[in-house]
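Written below as structure tokens is the structure these notes are about.
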């Protein structure tokens, strides 16, 4: 049985590719070799991580799903022995979600003894309400047996609304039983940790690749090592992964 990690969120620029890359690196740290697929038709950020051997699959033609390529995606998943990580773009969020559900793909994967994990991200700042709404839509659309992992990304501001944390918001309390794990991305906006991580992401470097670079200062590598440890520690606690 493989776990199929599908990263979905209708808002762009909120960290979906970071989540995909972090998951892939975490799985490799556990001795796995996940199948990584980038289906973003506009910004193929995940594809840029050369060390992760990401495949690109164009599932969109204009505003429509390319059914043959989508079928190819399902074929790739069906034969997977290890986990599959799929990064999807904001522009293809609605048609892909509709196609997955209308073709009963979650049930199809379950029949193959695969487990579908839907990862979504909630951010602070101006995108807070949009990303919270995106989570609610996914929970309403996907069948009740679908498992959700919510990533909280505070980069653009605190994840709170009218004094309520995410766990106190109606979107979460109404769907609490659907959420198997919450992963909190460290808040990194300073000129040390934040700058080091941002530079690493801009270069599409994995943690291990960056930590092996002698061109980086000792303290830069130390801070990246700390960030990696904080993130992986949470993923270790998320038993569903």
Filter the range 144-160 down to the residues that are under 18 Å from residue 117 (Cβ atoms) and free of Cβ contacts under 8 Å to residues at least 40 places away in the same chain, then identify the one that is surrounded by the fewest Cβ atoms within 10 Å (Cβ to Cβ). 144
For the range 202-222, indicate whether the set of residues that are under 23 Å from residue 85 (Cα atoms), in contact with a helix residue (DSSP H, G or I) (Cβ under 8 Å, 6 or more places away or on another chain), in a helix (DSSP H, G or I) and without any contact (Cβ under 8 Å) to a residue 24 or more places away in the chain is non-empty. yes
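I'd like to check something: does the range 4-18 contain any residue that is in contact with a strand residue (DSSP E or B) (Cβ under 7 Å, 6 or more places away or on another chain), surrounded by fewer than 17 Cβ atoms within 10 Å (Cβ to Cβ) and at negative phi?
So in the range 4-18, the residues in contact with a strand residue (DSSP E or B) (Cβ under 7 Å, 6 or more places away or on another chain) come out as 4-9, 14-17.
Still in the list and also surrounded by fewer than 17 Cβ atoms within 10 Å (Cβ to Cβ): none.
No, the range 4-18 has no match at all.
Before we move on, is residue 145 under 28 Å from residue 106 (Cα atoms) and at pLDDT 95 or above? Before you say what the answer is, go through the steps one by one.
Working: under 28 Å from residue 106 (Cα atoms): yes; at pLDDT 95 or above: no.
Considered against the rule, which asks whether it is under 28 Å from residue 106 (Cα atoms) and at pLDDT 95 or above, residue 145 comes out as no.
Checking the condition part of a helix (DSSP H, G or I) and either over 22 Å from residue 113 (Cα atoms) or touching a helix residue (DSSP H, G or I) at 6+ places or on another chain (Cβ under 9 Å) (or both), which residue from 98, 5 passes?
Numbers: 5 fails: part of a helix (DSSP H, G or I).
Unique residue meeting the criteria: 98.
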Which condition number does residue 86 fail, the rest of (1) surrounded by 18 or more Cβ atoms within 10 Å (Cβ to Cβ); (2) outside any helix (DSSP H, G or I); (3) at pLDDT below 95 being met? (3)
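State all residues of the range 63-83 that are part of a loop (DSSP other than H, G, I, E, B) and touching a residue at least 40 places away in the same chain (Cβ under 8 Å); if no residue qualifies, say none.
Going through the range 63-83, the residues part of a loop (DSSP other than H, G, I, E, B) turn out to be 63, 66, 79-83.
Once the filter is applied, which keeps residues that are part of a loop (DSSP other than H, G, I, E, B) and touching a residue at least 40 places away in the same chain (Cβ under 8 Å), the range 63-83 yields 80, 81, 82, 83.
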Being at positive phi and either in a strand (DSSP E or B) or modelled with pLDDT of 90 or more (or both) is true for just one of 113, 133. Which residue is that? 113
Residues satisfying the stated conditions in the range 100-121, i.e. over 13 Å from residue 77 (Cα atoms) and surrounded by fewer than 17 Cβ atoms within 10 Å (Cβ to Cβ): 101, 102, 103, 104, 107
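Kindly check whether there is at least one residue in the range 225-237 that is farther than 27 Å from residue 31 by Cα and at pLDDT 95 or above.
Of the residues in the range 225-237, the ones farther than 27 Å from residue 31 by Cα are none.
So far as the range 225-237 goes, no, none of its residues is farther than 27 Å from residue 31 by Cα and at pLDDT 95 or above.
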Among the candidates 231, 197, residue that is closer than 24 Å to residue 149 by Cα, in contact (Cβ under 8 Å) with a residue 12 or more places away in the chain, in contact with a strand residue (DSSP E or B) (Cβ under 9 Å, 6 or more places away or on another chain) and buried (at least 16 other Cβ atoms within 10 Å of the Cβ): 231
Scan the range 161-192 residue by residue and report those that are closer than 19 Å to residue 130 by Cβ, outside any helix (DSSP H, G or I) and in contact (Cβ under 8 Å) with a residue 12 or more places away in the chain. 161, 169, 174, 175, 179, 182, 185
Could you check the range 167-199 and list, in sequence order, the residues that are over 18 Å from residue 118 (Cα atoms) and in contact with a helix residue (DSSP H, G or I) (Cβ under 7 Å, 6 or more places away or on another chain)? 169, 186, 188, 192, 193, 196, 197
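The values are calculated or read from the model by the stated rules, or taken from the named source; none is laboratory data. Just so it is clear, the model here is predicted, and its values are computed rather than measured. Positions of Cβ are generated from backbone atoms using ideal geometry, with glycine treated the same way; all protein chains shown enter the neighbour counts.
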